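Report on the following structure.
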Amino acid sequence: MGQIDFTDPLVLAMCALGVVLLLVLFLLIFALRASGRAAKAAEPLANQMLMMGEGLKAMNESQHVLKGGLDSVASSQAQAMHTVEARLGHVQQQMQDKLHEGAMKNARALAELQERMKDTLQGSSEKTTQSLTQLQERLSTIDKAQTNIEKLSGDVLSLQDILSNKQTRGAFGEIQLNDIVQKAMPPDAYSFQSTLSNGKRADCLIHLPNPPGPIVIDSKFPLEAYEKIRGADSQAELQVAVRDMKTAVRAHIRAISEKYIIDGETADGALMFLPSEAVYAELHANFADVVREGFDARVWIVSPTTCMATLNTMRAVLKDARMKEQAGAIRRELGLLNKDVGRLETRVSNLDRHFSQAAKDVEDIKISATKAGNRAKRLDAFDFAEMEDSSAENIVRLSPDDP
């Protein structure tokens with residue numbers, strides 16, 4: 001049974017009303033006892049009091065009904081609270097399960113994310129390392145290229161210093177000529193700095209057979225006149241530079257013709273080697289008259305390219321001449337080879353004859369061996385009748401002394 005909650009306002013109001021009614025009843029009874037004379041006058045009041053008592057009784061019954069209702073409400077409330085607590089526990093358990101599942105999923109997702117980030121960072125690290133390595137290699141290549149450029153710049157400056165001096169310029173042309181000749185000709189087909197009968201020393205002498213005979217190649221480099229033509233700023237300067245160019249080239253042609261063309265000793269001509277293709281092209285493009293003068297003086301102007309082609313032609317001529325010199329020896333060797341082949345044929349014929357005789361002798365030996373084997377078989381079988389029928393003429397003798 002449920003307890004009355006005296007903190008409820010309705011219960012407090014009912015209690016206060018009961019107390020008031022009891023106080024009023026007590027006052028009425030006291031008044032009736034104190035004054036008997038007022039009995040008649042108090043009858044209506046007594047009736048009212050009875051009515052009020054009945055009302056109080058009814059109120060009491062209502063209070064009991066209300067108390068039962070309150071107990072029922074309290075029981076329902078307790079059951080509802082129990083149900084709510086059960087539902088709250090179930091919901092809390094579900095929430096805990098979901099939170100745990102979510103935490104597990106988050107943990108797995110975080111682990112996968114960490115693994116992907118690790119792989120990504122590792123791949124990025126490797127790519128970064130590879131990129132840095134390639135960058136370092138490229139920087140190293142750039143450093144080498146820079147070093148080569150600096151070296152080339154130094155070489156260019158050295159080349160300019162060489163070409164600015166007439167003696168070093170001549171030495172440069174001779175070195176280039178020597179390199180071309182060594183590449184194009186066999187070692188015994190040329191000589192450098194050879195002294196001729198007139199006491200002049202040639203830069204290079206090619207030993208060709210007669211005709212045409214040894215031919216001289218002399219290196220010349222009229223660079224100063226060429227640079228004046230390239231650097232002329234006015235028509236007057238250009239005319240002066242052209243005149244100087246013609247004068248320098250004609251002087252070189254005349255010097256080569258006088259020094260290196262000797263009747264009976266050298267070929268009827270010589271080569272003037274220009275170590276610059278640009279100077280060679282300038283001569284043939286704008287100084288055709290000077291080139292023709294060189295032809296008339298039997299001096300042919302060549303550049304590094306045309307010099308190589310000319311030397312290859314000379315090499316072919318030299319090879320043909322050497323083959324002609326060796327033609328007699330080749331014919332003699334061919335005659336001896338022919339005799340050796342004839343003797344070999346005779347000896348092979350004799351050997352073939354011996355092989356034929358030996359083959360015939362081997363065949364006869366095989367026949368004799370076969371007959372001897374057959375005779376041995378008959379002797380082993382004691383078959384003498386067939387042996388008596390055999391003719392002595394059919395017996396093959398192993399030697400002339402056999403009976």
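The values are calculated or read from the model by the stated rules, or taken from the named source; none is laboratory data. The structure presented is a predicted model; accordingly, all values stated were derived computationally and were not measured. No Cβ is skipped: glycine too gets one built from the backbone with ideal geometry, and neighbour counts run over all protein chains shown.
Things worth noting here:
- Every listed requirement among (1) at pLDDT 80 or above; (2) out of contact with any Gly (no Cβ under 9 Å at 6 or more places or on another chain) is met by A321 save one, (1).
- Of E265, E282, E277, all but one fail to be out of contact with any strand residue (DSSP E or B) (no Cβ under 9 Å at 6 or more places or on another chain), closer than 21 Å to A202 by Cβ and either at pLDDT 85 or above or surrounded by 15 or more Cβ atoms within 10 Å (Cβ to Cβ) (or both); the exception is E265.
- Any hit, the range 309-318, residues being under 13 Å from L271 (Cα atoms) and touching a Leu at 6+ places or on another chain (Cβ under 8 Å): yes
- Tabulated pairs, the range 181-196, first within 20 Å of Y260 (Cα to Cα), second surrounded by 12 or more Cβ atoms within 10 Å (Cβ to Cβ) and of a type in the set (A, V, I, L, M), C-beta under 6 angstrom, 6+ apart or interchain: A189/L318; Y190/V181; Y190/I206; S191/L205; S194/A202; S194/L205
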